[in-house]
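Notes follow the structure.
The values are calculated or read from the model by the stated rules, or taken from the named source; none is laboratory data. These numbers come from a predicted model, not from an experiment. A quick note on method: Cβ atoms are made from the backbone with ideal geometry, for glycine too, and the neighbour counts reach across all protein chains shown.
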Amino acid sequence: RARVLQGMRYLKWKTGTSSFLLTLDHTLATAEFRIAFQEAVTEHREMRHGGWIPERLCQEEYRTWNKAEGSVKGKFRPDGFSQYEHEGRLFSFFVEVDLATMSNKAFASKVCRYLDYSKSGRYQDRFGTPFFRVLVATVGS
């Protein structure tokens, strides 16, 4: 771990920006969530993990319609998508990992994008599920 932190400090110095570290922290936190979820599912015999789709493969542009603006283009970028089966029922969810770096306004905007994406119906074809949930994993108390 110390070697990784030393390498991160070097990369911060090399890139001259802390945004790289925020992205790396977020990527690592998302990976930790995925691993912890998989481990939790394997501890329960009545559950089966249905796989994981990472952020870069979940991204999608979509269109919705509203009376005020007409056709509106949106960009959907969850941190991941996963499914699990419990007692024969399939549950699907998108994951958002929040490291408390986003303002309330930005988070509200992200929630609106999930609602728009839900209204677009694109997820049904793309992820093969009639509906979805959003699981938000956050830090702090």
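Between K67, K105, the distinction of being exposed (fewer than 13 other Cβ atoms within 10 Å of the Cβ) and more than 24 Å from T27 (Cα to Cα) belongs to K67 only. From the list A36, A40, the one residue that fits, being out of contact with any His (no Cβ under 8 Å at 6 or more places or on another chain), closer than 19 Å to L90 by Cβ, exposed (fewer than 14 other Cβ atoms within 10 Å of the Cβ) and at pLDDT 90 or above, is A40.
For the range 57-100, filtering for residues that are assigned to a strand (DSSP E or B), polar (S, T, N, Q) and touching a residue at least 12 places away in the same chain (Cβ under 8 Å) leaves 4. Residues that are modelled with pLDDT under 90, in contact with a Ser or Thr (Cβ under 8 Å, 6 or more places away or on another chain) and loosely packed, with under 14 Cβ neighbours inside 10 Å are absent from the range 83-96. Can you pull out the residues in the range 101-133 that are within 22 Å of E46 (Cα to Cα) and either assigned to a strand (DSSP E or B) or touching a Cys at 6+ places or on another chain (Cβ under 9 Å) (or both)? Within the range 101-133, R133 is the sole residue that qualifies.
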